[in-house]
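Note sheet for the following structure.
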Amino acid sequence: MRLTESLGLTPLNLLIDALIWIIVATPIGLMYYFIRPTNKGFFCDDKSLSYPYREDTIPPIYMYLTTCLTPLVLITATEWINWQFLDKTIGNGTQYSTTIRAYTIFLFGITLNQFFVDIPKYFVRELRPNFLDVCRPNFTSCDGYVTDYECTNKAMSENDIIDTMRSFPSGHAAICMFSALYTVLYLELRFDIKISRFLKPSMQMALLIVSAWAGMTRVSDHKHHLQDVIVGGAIGVMVASAVFYKITCPSLRQQQVKTPPPFNNIGEPQTPTPLILKPRC
(Lines give C-alpha, C1' and ligand atoms only; values in the text may rest on other atoms or scores of the structure.)
Protein backbone atom coordinates (compact mmCIF):
# COMPACT_ATOMS: atom_id res chain seq x y z
CA MET A 1 0.00 0.00 0.00
CA ARG A 2 1.39 3.36 -0.96
CA LEU A 3 2.10 5.79 1.86
CA THR A 4 -0.31 8.40 0.53
CA GLU A 5 -3.10 5.83 0.35
CA SER A 6 -2.46 4.51 3.85
CA LEU A 7 -2.56 8.07 5.18
CA GLY A 8 -5.79 8.79 3.32
CA LEU A 9 -4.10 11.61 1.37
CA THR A 10 -3.63 12.37 -2.30
CA PRO A 11 -0.40 13.79 -3.74
CA LEU A 12 -2.22 17.13 -4.07
CA ASN A 13 -3.08 17.02 -0.35
CA LEU A 14 0.57 16.41 0.50
CA LEU A 15 1.73 19.22 -1.81
CA ILE A 16 -0.67 21.75 -0.30
CA ASP A 17 0.25 20.69 3.25
CA ALA A 18 3.95 21.00 2.42
CA LEU A 19 3.44 24.49 0.96
CA ILE A 20 1.55 25.63 4.06
CA TRP A 21 4.31 24.21 6.26
CA ILE A 22 6.93 26.11 4.23
CA ILE A 23 4.90 29.33 4.47
CA VAL A 24 4.80 29.00 8.27
CA ALA A 25 8.46 28.00 8.62
CA THR A 26 10.00 30.55 6.23
CA PRO A 27 9.38 33.65 8.39
CA ILE A 28 11.05 31.88 11.33
CA GLY A 29 14.28 31.49 9.36
CA LEU A 30 14.07 34.97 7.88
CA MET A 31 13.62 36.58 11.30
CA TYR A 32 16.53 34.60 12.75
CA TYR A 33 19.02 35.45 10.02
CA PHE A 34 17.99 38.94 8.94
CA ILE A 35 16.43 40.76 11.89
CA ARG A 36 19.00 42.22 14.26
CA PRO A 37 17.63 44.11 17.25
CA THR A 38 18.53 47.72 17.79
CA ASN A 39 19.45 48.81 21.29
CA LYS A 40 16.48 48.63 23.62
CA GLY A 41 16.44 51.34 26.25
CA PHE A 42 16.53 50.64 29.98
CA PHE A 43 16.87 52.26 33.38
CA CYS A 44 20.36 51.55 34.67
CA ASP A 45 19.08 51.08 38.22
CA ASP A 46 16.39 48.62 37.11
CA LYS A 47 16.69 45.73 39.57
CA SER A 48 14.70 43.41 37.27
CA LEU A 49 17.59 43.52 34.75
CA SER A 50 20.41 43.16 37.28
CA TYR A 51 20.45 39.40 37.90
CA PRO A 52 23.69 37.46 37.33
CA TYR A 53 24.18 35.22 34.32
CA ARG A 54 23.61 31.50 34.91
CA GLU A 55 23.94 28.47 32.68
CA ASP A 56 20.71 26.81 31.60
CA THR A 57 19.31 24.17 33.94
CA ILE A 58 17.95 22.49 30.81
CA PRO A 59 20.26 23.10 27.82
CA PRO A 60 18.29 23.93 24.65
CA ILE A 61 19.47 20.80 22.80
CA TYR A 62 18.12 18.52 25.55
CA MET A 63 14.92 20.51 25.75
CA TYR A 64 14.23 20.21 22.02
CA LEU A 65 15.14 16.52 21.91
CA THR A 66 12.89 15.73 24.87
CA THR A 67 9.92 17.74 23.66
CA CYS A 68 10.13 16.17 20.19
CA LEU A 69 10.96 12.56 21.08
CA THR A 70 8.67 12.04 24.09
CA PRO A 71 5.46 12.51 22.06
CA LEU A 72 6.85 10.24 19.32
CA VAL A 73 7.54 7.45 21.82
CA LEU A 74 4.15 7.77 23.55
CA ILE A 75 2.14 8.09 20.32
CA THR A 76 3.92 5.08 18.80
CA ALA A 77 3.46 3.02 21.97
CA THR A 78 -0.22 3.95 22.19
CA GLU A 79 -0.97 2.93 18.62
CA TRP A 80 1.02 -0.29 18.97
CA ILE A 81 -0.95 -1.19 22.12
CA ASN A 82 -4.22 -0.36 20.39
CA TRP A 83 -3.35 -2.62 17.48
CA GLN A 84 -1.83 -5.40 19.56
CA PHE A 85 -4.44 -5.71 22.31
CA LEU A 86 -7.61 -3.85 21.36
CA ASP A 87 -8.44 -4.09 17.67
CA LYS A 88 -6.22 -6.05 15.31
CA THR A 89 -8.93 -5.85 12.66
CA ILE A 90 -7.79 -2.36 11.72
CA GLY A 91 -4.61 -3.82 10.27
CA ASN A 92 -0.95 -3.12 10.92
CA GLY A 93 -0.83 -0.54 8.13
CA THR A 94 -3.45 1.57 9.87
CA GLN A 95 -1.42 1.48 13.07
CA TYR A 96 1.60 2.92 11.27
CA SER A 97 -0.40 5.44 9.25
CA THR A 98 -2.15 6.71 12.39
CA THR A 99 1.21 7.18 14.12
CA ILE A 100 2.74 8.96 11.12
CA ARG A 101 -0.32 11.14 10.70
CA ALA A 102 -0.45 12.19 14.37
CA TYR A 103 3.30 12.84 14.66
CA THR A 104 3.46 14.80 11.40
CA ILE A 105 0.67 17.03 12.69
CA PHE A 106 2.61 17.38 15.96
CA LEU A 107 5.72 18.57 14.08
CA PHE A 108 3.63 21.07 12.13
CA GLY A 109 2.26 22.29 15.46
CA ILE A 110 5.82 22.75 16.76
CA THR A 111 6.55 24.95 13.74
CA LEU A 112 3.35 26.94 14.22
CA ASN A 113 4.09 27.32 17.92
CA GLN A 114 7.58 28.67 17.15
CA PHE A 115 6.10 31.14 14.66
CA PHE A 116 3.82 32.65 17.31
CA VAL A 117 6.71 32.80 19.79
CA ASP A 118 9.20 34.44 17.44
CA ILE A 119 6.99 37.32 16.31
CA PRO A 120 6.93 39.05 19.73
CA LYS A 121 10.51 37.94 20.45
CA TYR A 122 11.86 39.83 17.46
CA PHE A 123 9.59 42.86 17.58
CA VAL A 124 8.87 43.47 21.30
CA ARG A 125 12.58 43.02 22.21
CA GLU A 126 12.13 42.78 25.96
CA LEU A 127 15.42 42.63 27.90
CA ARG A 128 16.20 39.52 29.93
CA PRO A 129 16.68 39.64 33.72
CA ASN A 130 20.44 39.07 33.24
CA PHE A 131 20.77 41.79 30.61
CA LEU A 132 23.12 44.10 32.53
CA ASP A 133 25.48 41.24 33.42
CA VAL A 134 25.52 39.77 29.90
CA CYS A 135 25.76 43.10 28.05
CA ARG A 136 27.68 45.28 30.54
CA PRO A 137 26.68 48.47 28.71
CA ASN A 138 29.14 51.37 28.63
CA PHE A 139 26.63 54.12 29.39
CA THR A 140 28.20 57.30 30.75
CA SER A 141 25.24 58.60 32.68
CA CYS A 142 22.76 56.86 34.95
CA ASP A 143 20.15 59.59 34.82
CA GLY A 144 16.78 58.37 33.60
CA TYR A 145 16.26 56.20 30.56
CA VAL A 146 19.41 54.97 28.76
CA THR A 147 19.26 54.37 25.00
CA ASP A 148 22.78 55.29 23.85
CA TYR A 149 25.11 52.46 24.84
CA GLU A 150 27.22 49.58 23.57
CA CYS A 151 27.69 46.15 25.11
CA THR A 152 31.27 45.61 26.31
CA ASN A 153 31.23 42.05 27.67
CA LYS A 154 33.84 40.30 25.51
CA ALA A 155 33.19 36.98 27.27
CA MET A 156 29.84 36.75 25.50
CA SER A 157 29.35 36.12 21.79
CA GLU A 158 27.37 38.41 19.53
CA ASN A 159 24.52 35.90 19.51
CA ASP A 160 24.48 35.89 23.32
CA ILE A 161 24.23 39.67 23.34
CA ILE A 162 21.42 39.64 20.78
CA ASP A 163 19.61 36.87 22.62
CA THR A 164 19.55 38.84 25.85
CA MET A 165 17.19 41.26 24.09
CA ARG A 166 14.64 38.52 23.31
CA SER A 167 13.06 37.73 26.63
CA PHE A 168 9.37 37.91 25.74
CA PRO A 169 7.83 35.37 25.52
CA SER A 170 9.58 32.24 26.80
CA GLY A 171 10.24 29.82 23.96
CA HIS A 172 11.12 27.05 26.44
CA ALA A 173 7.77 27.41 28.20
CA ALA A 174 5.87 27.53 24.91
CA ILE A 175 7.38 24.43 23.32
CA CYS A 176 7.31 22.41 26.55
CA MET A 177 3.66 23.22 27.19
CA PHE A 178 2.73 22.57 23.56
CA SER A 179 4.46 19.19 23.57
CA ALA A 180 3.01 18.17 26.93
CA LEU A 181 -0.57 19.25 26.24
CA TYR A 182 -0.68 17.76 22.74
CA THR A 183 0.53 14.44 24.14
CA VAL A 184 -1.91 14.63 27.06
CA LEU A 185 -4.82 15.19 24.67
CA TYR A 186 -3.65 12.38 22.40
CA LEU A 187 -3.42 9.96 25.31
CA GLU A 188 -6.89 10.99 26.46
CA LEU A 189 -8.24 10.26 23.00
CA ARG A 190 -6.37 7.09 22.07
CA PHE A 191 -4.94 5.41 25.19
CA ASP A 192 -7.68 3.01 26.26
CA ILE A 193 -5.94 0.32 28.32
CA LYS A 194 -7.90 -0.68 31.42
CA ILE A 195 -5.11 -2.41 33.38
CA SER A 196 -5.00 0.51 35.83
CA ARG A 197 -7.24 3.46 36.59
CA PHE A 198 -4.21 5.55 37.50
CA LEU A 199 -1.81 4.84 34.63
CA LYS A 200 -3.15 7.31 32.05
CA PRO A 201 -3.86 10.22 34.44
CA SER A 202 -0.46 9.68 36.08
CA MET A 203 1.32 9.95 32.73
CA GLN A 204 -0.71 13.02 31.82
CA MET A 205 -0.01 14.75 35.13
CA ALA A 206 3.70 13.91 34.87
CA LEU A 207 3.89 15.51 31.43
CA LEU A 208 2.20 18.70 32.61
CA ILE A 209 4.23 18.93 35.82
CA VAL A 210 7.55 18.47 34.01
CA SER A 211 6.46 21.06 31.45
CA ALA A 212 5.60 23.58 34.17
CA TRP A 213 8.90 22.87 35.96
CA ALA A 214 10.85 23.42 32.73
CA GLY A 215 9.18 26.80 32.36
CA MET A 216 9.95 27.77 35.94
CA THR A 217 13.64 26.98 35.48
CA ARG A 218 13.76 29.87 33.03
CA VAL A 219 12.87 32.22 35.87
CA SER A 220 15.34 30.67 38.33
CA ASP A 221 18.06 30.73 35.64
CA HIS A 222 17.44 34.48 35.21
CA LYS A 223 16.63 33.98 31.52
CA HIS A 224 13.02 35.18 31.68
CA HIS A 225 10.67 37.29 33.72
CA LEU A 226 7.68 35.47 35.22
CA GLN A 227 5.29 37.08 32.74
CA ASP A 228 7.42 35.78 29.86
CA VAL A 229 6.95 32.22 31.07
CA ILE A 230 3.22 32.68 31.66
CA VAL A 231 2.64 34.08 28.17
CA GLY A 232 4.89 31.44 26.60
CA GLY A 233 2.96 28.69 28.35
CA ALA A 234 -0.32 30.26 27.23
CA ILE A 235 0.88 30.26 23.61
CA GLY A 236 1.75 26.57 23.93
CA VAL A 237 -1.69 25.78 25.37
CA MET A 238 -3.57 27.68 22.65
CA VAL A 239 -1.56 26.25 19.75
CA ALA A 240 -1.71 22.68 21.11
CA SER A 241 -5.48 22.92 21.62
CA ALA A 242 -6.08 24.41 18.17
CA VAL A 243 -3.83 21.93 16.36
CA PHE A 244 -5.24 18.92 18.19
CA TYR A 245 -8.94 19.73 17.92
CA LYS A 246 -8.87 21.32 14.47
CA ILE A 247 -6.36 19.03 12.70
CA THR A 248 -5.61 15.86 14.66
CA CYS A 249 -9.18 15.04 15.70
CA PRO A 250 -10.70 15.39 12.22
CA SER A 251 -7.78 13.36 10.85
CA LEU A 252 -8.33 10.52 13.31
CA ARG A 253 -12.08 10.56 12.74
CA GLN A 254 -11.67 9.56 9.13
CA GLN A 255 -12.99 6.11 8.40
CA GLN A 256 -10.45 3.39 7.93
CA VAL A 257 -11.91 0.91 5.44
CA LYS A 258 -10.74 -2.65 5.43
CA THR A 259 -11.80 -4.63 2.38
CA PRO A 260 -12.70 -8.28 3.17
CA PRO A 261 -12.54 -11.10 0.62
CA PRO A 262 -14.88 -10.34 -2.29
CA PHE A 263 -17.01 -13.44 -1.63
CA ASN A 264 -18.20 -15.16 1.52
CA ASN A 265 -18.28 -18.90 2.17
CA ILE A 266 -21.41 -19.46 0.08
CA GLY A 267 -20.19 -17.47 -2.90
CA GLU A 268 -22.12 -14.26 -2.25
CA PRO A 269 -20.35 -10.89 -2.68
CA GLN A 270 -19.55 -8.99 0.47
CA THR A 271 -19.55 -5.24 1.11
CA PRO A 272 -16.42 -3.52 2.52
CA THR A 273 -16.88 -2.71 6.18
CA PRO A 274 -15.96 0.83 7.32
CA LEU A 275 -14.08 0.86 10.59
CA ILE A 276 -13.92 4.04 12.65
CA LEU A 277 -10.92 4.57 14.86
CA LYS A 278 -11.91 4.72 18.51
CA PRO A 279 -12.39 6.69 20.62
CA ARG A 280 -13.71 9.65 18.61
CA CYS A 281 -13.32 13.32 19.57
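The values are calculated or read from the model by the stated rules, or taken from the named source; none is laboratory data. On a predicted model such as this, the values are computed, not experimentally measured, just so you know. Here the Cβ positions follow ideal geometry from the backbone for every residue, glycine too, while neighbour counts run over all protein chains shown.
Residues of region 114-144 that are surrounded by fewer than 17 Cβ atoms within 10 Å (Cβ to Cβ) and in a helix (DSSP H, G or I): 119, 123, 124. Among the residues making up region 105-132, a single one is under 19 Å from residue 222 (Cα atoms) and of a type in the set (Asp, Glu): 126. Taking residue 173 as the residue in question, decide whether it is of a type in the set (A, V, I, L, M) and buried (at least 20 other Cβ atoms within 10 Å of the Cβ). Yes, satisfied. Screening region 212-224 for residues that are among the small types (Gly, Ala, Ser) and touching a Gly at 6+ places or on another chain (Cβ under 8 Å) and picking the one that is farthest from residue 170 (Cα to Cα) gives 212. When you go through 147, 111 one by one, which is the residue that is over 33 Å from the mean Cα position of the chain (by Cα), more than 18 Å from residue 47 (Cβ to Cβ) and either touching a residue at least 24 places away in the same chain (Cβ under 8 Å) or surrounded by 18 or more Cβ atoms within 10 Å (Cβ to Cβ) (or both)? Criteria check complete, one pass: 147.
Within the group 72, 15, which residue is modelled with pLDDT of 85 or more, among the aliphatic types (A, V, I, L, M) and under 23 Å from residue 210 (Cβ atoms)? The conditions single out 72. In region 174-200, what count of residues is obtained for those that are assigned to a helix (DSSP H, G or I), among the hydrophobic types (A, V, I, L, M, F, W, C) and in contact (Cβ under 8 Å) with a residue 24 or more places away in the chain? Result for region 174-200: 11. The condition of being within 19 Å of the chain's Cα centre (by Cα), polar (S, T, N, Q) and more than 21 Å from residue 163 (Cβ to Cβ) does not hold for residue 67. Here region 192-245 is the region considered, the condition is being of a type in the set (Lys, Arg) and crowded, with 16+ Cβ neighbours inside 10 Å, and the residue that is modelled with the lowest pLDDT is 200.
Please find, within region 21-40, the residue that is surrounded by the fewest Cβ atoms within 10 Å (Cβ to Cβ) out of those that are part of a helix (DSSP H, G or I) and touching a residue at least 40 places away in the same chain (Cβ under 8 Å).
It comes out as 32.
Of everything in region 157-168 that is without any contact (Cβ under 8 Å) to a residue 24 or more places away in the chain and either among the polar types (S, T, N, Q) or not in a helix (DSSP H, G or I) (or both), the residue that is surrounded by the most Cβ atoms within 10 Å (Cβ to Cβ) is 157.
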